[in-house]
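Enquirer: Can you keep this structure in mind? I'll have questions shortly.
The values are calculated or read from the model by the stated rules, or taken from the named source; none is laboratory data. Predicted, not measured: the structure shown is a model, and the values here were computed from it. Positions of Cβ are generated from backbone atoms using ideal geometry, with glycine treated the same way; all protein chains shown enter the neighbour counts. To get the accessible areas, we keep the full protein, side chains included, count just its heavy atoms, and leave off ligands, DNA and RNA. Shrake-Rupley method; radii C 1.70, N 1.55, O 1.52, S 1.80 Å.
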Amino acid sequence: MNRDKDKEAVDESRRGFLRAGAVFGSLALLRGGAGNASATTVRLPMANGERPLARYPQKRALLVLTSRPVQLETPMAVFNQGVITPNDAFFVRWHLANVPTRIDGHRFTIRIHGRVKQPLEFTPAQLANDFEPVELTAVCQCSGNSRGLFEPRVAGGQWANGAMGNAHWKGVRLREVLDKAGLRADAVQVRFNGAEAPPLPQTPDFMKSLDMEIARSEDVLIAYAMNGAPLPLLNGYPLRLVVPGWYATYWVKMLDEIEVLSHEDQNFWTAKAYRIPANACGCLKPDEENVPLVPINRMNVRSFITNIADGAQVPAGRELKVRGIAFDGGFGIKRVLFSSDGGRHWIQTRLGKDHGQYSFREWQTHFQPHKGRSYSLLALAINTIGESQRFTPRWNPSGYLRNVVETIKISAV
Ligand SMILES: Nc1nc2c(c(=O)[nH]1)N[C@H]1C(S)=C(S)[C@@H](COP(=O)(O)O)O[C@H]1N2
Ligand SMILES: [Mo]
């Protein structure tokens, strides 16, 4: 078939879409490395928690964890400003330093091949044109979110709680794209690869795989829009996989290759990395060895107080509003409880608008602090299948799955 001609025709009809892409797809400034000079630094609640704040292209000032690869953390205050995390505040995590700094949305293609009847290739515009658009709101959270709070400390990106964000995604169902290519009878997994290449030949290319059953589920999308705009380049422009309820490691960015496999993926990033202890807790003791591991998957339930910082002094003698967010792995939040006395007494909070079971759920409550007293503020979320947060932190060597009830200590003056 005359592919170029076909492409041209579709591209022409989608020029508006593509022009937006061309504008949004360039990161010329990134070549310099560490972004603009930092205005200031922020101290996260951990040893060595000092982070520069810096602006990267298409981003407001965020906490810089590393600059090669780019890893940026969202300040907690952002989560208090609305249930949706704005694109320019959304955290950034790449594994490899060679992130393309320029993507031409006009030329970009995603290729579907492997154990399919008909290998296919689409531009983002063709995807948007040829398949039914699907929209949903979902939390994207790094498996290692909050890793820096592990005790004893573990190796890996030392995130506080800001390696997460909640966005409204628009795209097409992966299932429909797979069906168009036609799965062969021996297809068992689907592997996703992004446009970045490893900096060294020995470095395994970042790829992630999903079992067919998960890949074919209703809500797994190839997204071309985030909060009504093209994705920021650092968040995977022009296409990324969205696996609602699952940890972000599976949400492959700059997605340009989908390979259907007839066997379990042996690539490092799926076969060796991102594994959790195969027990109900996903934890082990620091000196425990030879624990069987399984791939990380669905997120657990978490909540955060977003309007009061740890160590804050608050005015005594009047009502203090307490608000925050909660989310889980896709069952939806049933309720959020609040305690001002370190967990001895709990009250029910009021939940905000329901944006669907994969979204942040806002909650709020209030209490009256008394002069000269100290308070330990706790939020505890419970999902619709009765799962709740833990009271003791779990430990595993990769720093995954933290969902302990967090404590905010304040005093009233
Ligand atoms: N192509 C590509 N996609 C990727 C990654 C990557 O390194 N390369 N990292 C994954 C991990 S571990 C996380 S936490 C999320 C981060 O998504 P964000 O940068 O949009 O916040 O992207 C995922 N998708
Ligand atoms: Mo991650």
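Enquirer: Could you tell me the center-to-center distance, by alpha carbons, between segment 128-154 and segment 206-238 in angstrom?
Expert: When both Cα centres are located, 10 Å separates them.
Enquirer: Could you work out what % of the accessible surface of segment 302-412 is carbon and sulfur, using a 1.4 angstrom probe and leaving DNA, RNA and ligands out of the count? Mind dumping the intermediate values first?
Expert: Working: 2410 of 5250 Å².
It is 46 percent, rounded to a whole number.
Enquirer: On a full-extension model of 0.36 nm per residue, what is the gain between Asp205 and Glu132, subtracting their alpha-carbon distance, rounded to one decimal in nm?
Expert: Details: separation 73, 0.36 × 73 = 26.28 nm, distance 3.11 nm.
Here the segment from Asp205 to Glu132 would lengthen by 23.2 nm.
Enquirer: Grab the beta carbon distance between Arg390 and Lys353, set R0 = 35 Å, and tell me the FRET efficiency rounded to 0.05. Numbers along the way, then the final one.
Expert: Numbers: r = 27 Å, r/R0 = 0.78.
The pair Arg390/Lys353 has a calculated efficiency of 0.80.
Enquirer: Using a simple spin-label model with points 7 Å from Cα along the Cα→Cβ vector, what separation in nm is obtained for Val83 and Arg298?
Expert: 2.1 nm
Enquirer: Under a Cβ-only charge scheme (Lys and Arg +1, Asp and Glu -1), can you give me the dipole magnitude of the chain about the Cα centre, in debye to the nearest 20? Before the final figure, lay out each step's value.
Expert: Numbers: 51 positive and 39 negative charges, 239 e Å.
So the dipole magnitude of the chain works out to roughly 1140 debye.
Enquirer: Let me ask something additional. Given the DSSP H assignment, sum -39500 (n - 2.57) over each helix run of at least 4 residues in the chain and divide by its residue total; what's the result at 222 nm in deg cm²/dmol, nearest 500? Intermediate values should be presented prior to the final figure.
Expert: On the way: 6 runs with 44 residues, N = 413.
Counting only the DSSP helices, I get -2500 deg cm²/dmol.
Enquirer: So what is the relative contact order of the chain, in percent, for Cα pairs below 8 Å that sit 6 or more residues apart?
Expert: Details: 1011 pairs, mean separation 62.1, N = 413.
It rounds to 15 percent for the chain.
Enquirer: Suppose a student asked you for the relative contact order of segment 302-412, using Cα pairs under 8 Å spaced at least 6 residues apart; what percent would you report? The partial results should precede the final answer.
Expert: Working: 265 pairs, mean separation 38.7, N = 111.
Relative contact order, segment 302-412: 35 percent.
Enquirer: Quick check: Cα centre of segment 362-396 to Cα centre of segment 269-328, how many Å?
Expert: 12 Å
Enquirer: Also, quick follow-up: Computed FRET efficiency, Cβ-Cβ of Arg318 and Asn290, R0 60 Å: what is it to the nearest 0.05?
Expert: Details: r = 56 Å, r/R0 = 0.94.
The value I calculate is 0.60.
Enquirer: Another question, if that's okay. Considering only protein heavy atoms and a probe of 1.4 Å, how much of the accessible area of segment 3-273 is carbon and sulfur, as a whole percent? Can you show the working numbers first?
Expert: Numbers: 5400 of 10900 Å².
Carbon and sulfur together cover 50 percent of it.
Enquirer: Just to be sure I follow: if Rg is taken over the C-alpha atoms of segment 3-273 and Rh is the Kirkwood radius over the same atoms, what is Rg/Rh? Kindly include the intermediate steps, with their values, before the conclusion.
Expert: On the way: Rg = 18.5 Å, Rh = 19.2 Å.
Radius of gyration relative to Kirkwood radius: 0.96.
Enquirer: Can you work out the accessible area per residue across segment 3-273, with the rest of the protein chains kept in place, probe 1.4 Å, in square angstrom? List each step's numbers first, then the result.
Expert: Details: 10900 Å² over 271 residues.
Per residue, segment 3-273 has an accessible area of 40 Å².
Enquirer: Output needed: Cys residues of the chain lacking any neighbouring Cys C-beta below 4.7 Å, sorted by number.
Expert: Cys140, Cys142, each lacking another Cys Cβ under 4.7 Å.
Enquirer: Moving on. Where only protein heavy atoms count, and the probe is 1.4 Å, what is the accessible area per residue for segment 364-413 in Å²? It would help to have the intermediate numbers written out before the result.
Expert: Values: 2310 Å² over 50 residues.
Heavy-atom accessible area per residue stands at 46 Å².
Enquirer: Could you name the lysines whose alpha carbon sits less than 25 Å from that of Lys321, not counting residues in the same chain fewer than 8 places away?
Expert: Lys334, Lys353, Lys371, Lys409
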